Amino acid sequence: MSYKSLGDFIAATQGLGDLRLVHGADLDLDVGCLTEFAYEKDGPMLLFDRFKGYPDDFKIVTNVYRNSIRRYALALGFPTDAHPIELVKLLRERRRIQTMISPVEVADGPVLENKMKESEVDVGKFPTPKWHAGDGGHYIGTGDVVIIRDPETGWVNFGTYRACVQGRNRVSLWINKHKRGRIIAEKYWSRGSACPVAVVVGCDPLTFMATTSRMKYEYAGALHGSAVEVVKGPWTSLPIPAHAEIVLEGEIPSPQEEMVAEGPFGEWPGYYSHTGQECVVRVKQIGYRKSPTLFGDPPMRPLLSWGGDLPAAGAEVWDHLERSGITDVTGVWGHCRGLMMVISLKPRYAGHAMQALYAANGLKGSRSMSSFFVAVDDDIDPANFRDVLWAICTRADPGTSVEILKSVWTEDLDPRLTPMQKETGAYTAGRILIDACKPFHWREAFPKTNIFSPEDRNIVKQRWSKLLEEMESQKKTNA
């Protein structure tokens, strides 16, 4: 089952028992800090309302799915109790068989139930938090979908770019110069015109997931299994998800015409990043549904937990390994938001593990900040960091099992970049490849582990399930 709206998914999450309501939180401290607490504990989705000075039913939702394997699986229609590597396999299988589905335009939708036009426009009508203590403003766009159309081809692009409230009818956008959104905007500017834009700040999770894809609405349709319903934006004529929560329509003038101070902002590597003059959106019209909910997806420090890491990175790297001719891969997982990629495999020949690591390192694009690549044997669960760390500490020889790569492309959000590198745009850093598999040439003589076999563990789990549940409950109580 797919969910047409963010509200539908919130209701499904409540049915799963993963939703907590929070009334009357402070926008400058409570919302951001409680979101951080919930993220650190692999906690529930949080739905905030009853903000002081705002209508009681104007809401903010956080921890929608990015910190939860269960809610990620729920959004995609996968079993919510599946093991992380099983989710990677399910995602890869779905990608193999799914077909792109173009969006379908409908005459009207909930996102246009209410409108602010011209002098009525006021972005400040919506409760917007300060997500981190040191942020340079209130960011309305963290879980946003920024929609623009290529003036040459007519192709519709959308992506997620951080958007900060800059006044009643202004928000800033930070769009890196290599992003498609910026490239398209520059086409308008070169013609002497502003770029029409629609900033959606609340939509269903599958359409939001499609912001990182190449096919955008078509890929969102593939994830849903049906066409995404869109309405024509009254001001921009851009296709807007009909069941979205809030949309800001307007234009992005060229930087030569208007810019605004933006940042700093706490970004996903866990550090404040980027301050400078950036693009601005002149908001001309706002549409919003009755009782709108702002989708909050503030970047959080990447933690070493299953909740903070999702199957998409593993599926992407696994597919790349197969295309590269690497055989016998049994699992792939990305820890710390993919900064560390772990590959489990059954080594078939000497050098097999290191070959897999070099191949994974060659994946271009979304893995640009992955710095640690680790190969482990198939008896190691790549999604369990304690297993991975044990393998590194007991099977990898620092003198022979490690390769260091230098001057590999990284992103401008990389906190290891020096001030000079940031100034000159020399975005490069090192990477490390760690072969934490048993040495191939004497693996049969390698000491046997003292861990009970999976078969024995399953027998005991079934026999003592109640006791084990009590132990797990006690662990959570003491956490």
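A few points about this structure:
- The calculated FRET efficiency for the pair Thr275 and Ser324, based on their C-beta separation and a Förster distance of 30 Å, comes to about 0.15.
- Solvent exposure of the stretch 229-293 amounts to 35 Å² per residue of accessible area, where only protein heavy atoms count and the probe is 1.4 Å.
- The relative contact order of the chain comes to 14 percent, based on Cα pairs under 8 Å that sit 6 or more residues apart.
- Prolate is the label for the chain, because the ratio a/c of its alpha-carbon gyration tensor axes (a ≥ b ≥ c) is 1.5 or higher and a/b is greater than b/c.
- Each peptide in 32-40, 184-192 was scored by the mean count of other Cβ atoms within 10 Å over its residues; highest first, the order is 32-40, 184-192.
- Debye, to nearest 20: dipole size of the chain, +1 on Lys, Arg Cβ, -1 on Asp, Glu Cβ: 460
- Sorting 241-253, 111-123 by their mean Cβ neighbour count within 10 Å, with the most densely packed peptide first, gives 241-253, 111-123.
- Between the listed residues Val332, Phe265, Gly109, the Cα displaced farthest toward the positive end of the dipole of the chain, a dipole computed from Cβ unit charges relative to the Cα centre, is found at Val332.
- The stretch 26-98 pair-distance distribution - Cα-Cα, 10 Å bins, rounded %: 18, 37, 25, 15, 5
- Residues whose placed amide H lies under 5 Å from that of Gly331, excluding near-sequence neighbours: Ser344
- Prolate/oblate/rounded call for the stretch 326-479, Cα gyration tensor, a/c under 1.5 rounded: oblate
- Euclidean distance of C-alpha centroids, the stretch 37-57 and the stretch 410-440, integer Å: 36
- q = 0.15, 0.22, 0.24 Å⁻¹: log10 I(q)/I(0) that the Debye formula gives for the stretch 227-321, counting C-alpha atoms only: -1.00, -1.09, -1.11
- Out-of-range pairs (alpha-carbon distance over 20 Å; input Lys346/Lys438; Lys4/Lys232; Lys130/Lys284; Lys59/Lys290; Lys59/Lys115): Lys130/Lys284
- 3J(HN,Hα) along the stretch 412-422: 6, 7, 5, x, 8, 5, 6, x, 5, 4, 5 Hz, from the Karplus curve 6.51 cos²θ - 1.76 cosθ + 1.60 with θ = phi - 60°, whole Hz, x for Gly and Pro.
- Residues whose placed amide H lies under 5 Å from that of Cys336, excluding near-sequence neighbours: Ser305
- Proximal charge balance of Lys290 [Cβ under 11 Å; K/R count +1, D/E count -1]: -2
- Scattering curve values for the stretch 47-137, log₁₀ I(q)/I(0), Debye with Cα scatterers, q = 0.15, 0.16 Å⁻¹: -0.96, -1.00
- Cα gyration tensor shape of the stretch 409-479, rounded if a/c is under 1.5, else prolate or oblate by comparing a/b with b/c: oblate
- About the centre of its Cα atoms, the stretch 186-292 shows a dipole size close to 320 debye [charges on the beta carbon of Lys, Arg (+1) and Asp, Glu (-1) only; nearest 20 debye].
- Net charge in the neighbourhood of Lys448 (other residues with Cβ under 14 Å of its Cβ; Lys, Arg +1, Asp, Glu -1) is 0.
- What separates the Cα centres of the stretch 273-299 and the stretch 144-210 is a distance of 11 Å.
- The equivalent ellipsoid of the stretch 343-421 has semi-axes of 26, 14, 13 Å, largest first, where each one is the square root of 5 times an eigenvalue of the Cα gyration tensor.
- Full-stretch length increase - Phe37, Lys346 - with 0.36 nm per residue and alpha-carbon distance subtracted: 107.4 nm
- Expressed as a whole percent, the accessible area of the chain that falls on carbon and sulfur atoms is 52 (1.4 Å probe).
- Seen from Ile246, the other residues with C-beta closer than 12 Å to its C-beta sum to a net charge of +1, counting Lys and Arg as +1 and Asp and Glu as -1.
- Sum of -39500 (n - 2.57) over DSSP H runs of 4+, divided by residues of the chain (222 nm, nearest 500): -8000 deg cm²/dmol
- Close amide H pairs (under 5 Å, H built 1.01 Å from N) link Val280 with Leu173, residues at least 5 positions away or on another chain.
The values are calculated or read from the model by the stated rules, or taken from the named source; none is laboratory data. Just so we're clear, the structure is a prediction, and the values are computed from it rather than from any experiment. Because the Cβ atoms are built from the backbone with ideal geometry, glycine has one as well, and the counts that use them run over all protein chains shown. All accessible areas refer to the heavy atoms of the entire protein, side chains included, with ligands and DNA or RNA removed. Shrake-Rupley method; radii C 1.70, N 1.55, O 1.52, S 1.80 Å.
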